[in-house]
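Visitor: Could you have a look at this structure, given as structure tokens, before my questions?
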Amino acid sequence: MEKQEQDFKLDYSLDWTYGVSIEQLKKDIEELEKLGATHVNIEHGISYDCSYVEIGAICRRIETDEEFEQRKKEVEARQEQHRQRELKQLADLKAKYGL
């Protein structure tokens, strides 16, 4: 398992939905760069026949050693849970069919 590039959402409000001045845009970009942002995601969608736009900033980077270790532990825990479910299923089938 190797470190991966990940997206980390930044908590910064980007109220650009109905247009924004160039000055505000510059100010927001300066603040985002200070926070380490690398990308701005703009997503459009429709819900209940209403159109919406979601705008958010992210920092895309290689995960830190701590984040990598945490992800590795989570993967190992999921694999162990899967293994335990399979072992229980095997035991149940052996009991059912007398193997």
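Visitor: In this structure, does residue 83 turn out to be surrounded by 11 or more Cβ atoms within 10 Å (Cβ to Cβ) and not polar (S, T, N, Q)?
Guide: Against the criterion (surrounded by 11 or more Cβ atoms within 10 Å (Cβ to Cβ) and not polar (S, T, N, Q)), residue 83 does not qualify.
Visitor: Being without any contact (Cβ under 8 Å) to a residue 24 or more places away in the chain and surrounded by 11 or more Cβ atoms within 10 Å (Cβ to Cβ) is the filter here, so list the residues in the range 1-25 that pass it.
Guide: The answer is 20, 24, 25.
Visitor: So residue 82 clears everything in (1) closer than 25 Å to residue 12 by Cα; (2) free of Cβ contacts under 8 Å to residues at least 40 places away in the same chain; (3) not aromatic (Phe, Trp, Tyr) except one condition, right? Which one?
Guide: (1)
Visitor: Of all residues in the range 45-72, which are farther than 19 Å from residue 7 by Cα and either out of contact with any His (no Cβ under 6 Å at 6 or more places or on another chain) or of a type in the set (Asp, Glu) (or both)?
Guide: Scanning the range 45-72 gives 45, 46, 47, 48, 49, 50, 51, 52.
Visitor: Sticking with this one: Out of the range 3-45, which residues are among the polar types (S, T, N, Q) and part of a strand (DSSP E or B)?
Guide: If the condition is that a residue be among the polar types (S, T, N, Q) and part of a strand (DSSP E or B), then 6, 41 are the ones that fit.
Visitor: Identify the residue in the range 86-99 that is of a type outside the set (S, T, N, Q) and surrounded by 10 or more Cβ atoms within 10 Å (Cβ to Cβ) and, among all such residues, is nearest to the chain's Cα centre (by Cα).
Guide: Going through the qualifying residues, I end up with 86.
Visitor: A further question on this structure: Taking into account only those residues within the range 46-74 that are hydroxyl-bearing (Ser, Thr, Tyr) and either in contact (Cβ under 8 Å) with a residue 40 or more places away in the chain or in a strand (DSSP E or B) (or both), which is surrounded by the most Cβ atoms within 10 Å (Cβ to Cβ)?
Guide: 52
Read-outs throughout are calculated quantities, based only on the coordinates presented, and are distinct from any laboratory measurement. On a predicted model such as this, the values are computed, not experimentally measured, just so you know. Neighbour counts are summed over all protein chains in view; Cβ atoms, including those assigned to glycine, are modelled from backbone coordinates with ideal geometry.
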